[in-house]
1. It is to be established whether one or more residues within the stretch 24-43 are within 16 Å of ligand 2 (Cβ to nearest atom) and touching a Lys or Arg at 6+ places or on another chain (Cβ under 7 Å).
2. Every residue in the stretch 125-148 that is away from ligand 2 (no atom under 16 Å from the Cβ) and either farther than 23 Å from residue 55 by Cβ or not assigned by TED's automatic domain parsing to the domain that holds residue 37 (or both), please.
3. Working only within the stretch 134-174, note down all residues that are modelled with pLDDT under 85 and either assigned to a helix (DSSP H, G or I) or out of contact with any helix residue (DSSP H, G or I) (no Cβ under 6 Å at 6 or more places or on another chain) (or both).
4. Give the residue that is farthest from residue 4 (Cα to Cα), with candidates limited to residues of the stretch 29-51 that are buried (at least 17 other Cβ atoms within 10 Å of the Cβ) and modelled with pLDDT of 95 or more.
5. Taking the condition of a type in the set (Lys, Arg) and crowded, with 19+ Cβ neighbours inside 10 Å, does residue 111 pass?
Amino acid sequence: MEHYCIYCGRRGSPENPVVNGVCLECRRRRGELVTVVRRRLEAEVCRICYAVKIGGQWIDSDGLADAAALVARHWYGKAVRPGPGVERLELLGIEYVTKPSWRTVVRYRLRGSYGGRVFEEHADIEVYLRPSKCPRCIMYDSREFEAVVQVRRIDRGRVENALTKIFMSDPRAARDLIDVVEAGGGIDLYFYSHGAARRTARGLVKKIRGLVMRETYEEAGMRSGRQRARLYIVVKPR
Ligand SMILES: [Zn+2]
Ligand SMILES: [Zn+2]
């Protein structure tokens, strides 16, 4: 029987349950309710538009505070684990311990259950943001891209599925794809060529029911003595 705490000797109770020979209060005092696995999280942030690179993708943010919160939220499950005997640890929210900047101490506010008793706890980690430049800003500066397919308000899984099929059957379109960037609640696909963008957009309309595409052009300066036009294609539900 393990009804007594090995540290304080008290008998377990509904208010202060004993699990694996340790009571809730002793776990809290010893800082064992939450295990911080990674004290330091890092991510690149675009110093022009504040997009943040998370899991290989660039995601729009409203600034350093927002970027730090996005990073902390995304890596929450990797940064923090339930301590011994703790069940159902969940994230209640995120607070800033230091003023949000390129280096920010972020506090996870957490709730969990220990021997059936619900508790709240917090854990602090550091988020380091490295100034960088996102592919979209690089492209806007270099003005190299020729066409953008802006996919809006369509289920991400279905879009990814359709794109995989389109690029498998049209390797030239895949080769002309420069980058995929999260934007406006959807994704922007940047292409070197108008043709690849148009074929990709048509492929999406064909593969996902109820979509429409709309093309617009923007003048993009001269190249090799010819006036260039940049093509924008919006693909969205009808
Ligand atoms: Zn105890
Ligand atoms: Zn940027």
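1. For the stretch 24-43, residues within 16 Å of ligand 2 (Cβ to nearest atom) and touching a Lys or Arg at 6+ places or on another chain (Cβ under 7 Å): present.
2. Listed by number, the residues that qualify are 146, 147.
3. Hits for the stretch 134-174 are 135, 136, 137, 138, 139, 140, 141, 142, 143, 144.
4. Filtering first and then ranking leaves 45.
5. no
Here's the yes/no breakdown for (1) more than 17 Å from the chain's Cα centre (by Cα); (2) more than 16 Å from ligand 1 (Cβ to nearest atom); (3) over 26 Å from residue 81 (Cβ atoms); (4) hydroxyl-bearing (Ser, Thr, Tyr):
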position: 7; (1), (2), (3), (4): yes, no, no, yes
position: 12; (1), (2), (3), (4): yes, no, no, no
position: 15; (1), (2), (3), (4): yes, no, no, no
position: 25; (1), (2), (3), (4): yes, no, no, no
position: 37; (1), (2), (3), (4): yes, yes, no, no
position: 42; (1), (2), (3), (4): no, yes, no, no
position: 50; (1), (2), (3), (4): no, yes, yes, yes
position: 54; (1), (2), (3), (4): no, yes, no, no
position: 58; (1), (2), (3), (4): no, yes, yes, no
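The values are calculated or read from the model by the stated rules, or taken from the named source; none is laboratory data. Quick caveat: nothing in here was measured; it's all calculated off a predicted structure. In this analysis, Cβ positions are derived from the backbone assuming ideal geometry, glycine residues included, and neighbour counts consider all displayed protein chains.
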